[in-house]
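A.B. asks: Got a structure here, written out as structure tokens. Questions coming.
The values are calculated or read from the model by the stated rules, or taken from the named source; none is laboratory data. None of the values given here were measured: they were computed from a predicted structure. In this analysis, Cβ positions are derived from the backbone assuming ideal geometry, glycine residues included, and neighbour counts consider all displayed protein chains. For the accessible areas, the whole protein counts, side chains as well, though only heavy atoms, and no ligand, DNA or RNA atoms are used. Shrake-Rupley method; radii C 1.70, N 1.55, O 1.52, S 1.80 Å.
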Amino acid sequence: MTDQIKEMDNELEHYNKINSDLELVIEDYKLKLNASEKEVTNEKENVLAIAAIIKRFKIELNECMQYVMEPKLLKQHIKRLYHKYCTETNKIENIQADIEQEYYRQRDYLEKTISTLRKKVKKDKEFNRNSNYNFMKENVTLVREINYLRRAARKSQLINNNNNNNKNNNNALPKCLPAVQQTITIENTS
């Protein structure tokens, strides 16, 4: 009995999994259908717009046909039609050419800006590296000087403890930098 219940539970889980997978597939198809419907609607609108333009052109062309016997008027009306319908595509082509020129101009500008910024970053990086190197060098010198002063202070303290005589302190100090020697002598005299 329990085996049958387990089998039925397994079957139920299997069918639930299949149902959820199918629901996901259905949702995916619905989204694709909506996108296709929107695309079809846009294309229909484009076709209707073009059909309206063609219809207007045919009507205006039929109006021009009444001037077949008068070549000057016919020529004027045909020119008007040409400028009205044909130059729009030229305008669009000109606009597209202008857009492309602007795109390339902006691209060149951005490439030059990037190049300039890279040079500036490289220069700043070099300057910072040199500055950091100088600071590190100065810090190493100062740390050495501090360590030397600590050793000298310990030695002078040991000498003071062993000998209470200040004259021996000056002779007992190890040789060091002149600036450090002056500082130690000034400290000992005070």
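A.B. asks: What's the center-to-center distance, using Cα atoms, between the stretch 1-72 and the stretch 102-140 in Å?
C.D. replies: The stretch 1-72 and the stretch 102-140 have Cα centres spaced 53 Å from each other.
A.B. asks: Arranged from highest to lowest average of other beta-carbon atoms within 10 Å per residue, in what order do the peptides 110-120, 71-81 appear?
C.D. replies: Working: 110-120: 10.0, 71-81: 12.5.
Ranked from most to least packed, the peptides come out as 71-81, 110-120.
A.B. asks: How would you rank 5-14, 140-149, highest first, on the average number of other Cβ atoms within 10 Å across their residues? Before the final figure, lay out each step's value.
C.D. replies: Working: 5-14: 9.9, 140-149: 11.8.
The peptides rank, most packed first, as 140-149, 5-14.
A.B. asks: Need the list of lysines near K75 for cross-linking: C-alpha distance under 19 angstrom, and skip anything on the same chain fewer than eight residues off.
C.D. replies: K58, K84
A.B. asks: Specify, per residue and in Å³, the volume enclosed by the convex hull of the alpha carbon atoms belonging to the stretch 102-163.
C.D. replies: Value for the stretch 102-163: 45 Å³ per residue.
A.B. asks: Also: What FRET efficiency comes out for V121 versus E45 if R0 is 45 angstrom and r is the Cβ-Cβ distance? Round to the nearest 0.05.
C.D. replies: It comes out at approximately 0.35.
A.B. asks: Moving to a separate point now. Looking only at Cα atoms, what is the convex hull volume of the stretch 48-159 per residue, in Å³? Don't skip to the answer; put the middle values down first.
C.D. replies: Details: hull volume 14.6 nm³, N = 112.
Here the figure is 130 Å³ per residue.
A.B. asks: Now for a separate question. Over the stretch 19-75, with the other protein chains present, what is the accessible area per residue in square angstrom, probe 1.4 angstrom?
C.D. replies: Details: 5220 Å² over 57 residues.
So the stretch 19-75 comes to 92 Å² accessible per residue, rounded to a whole number.
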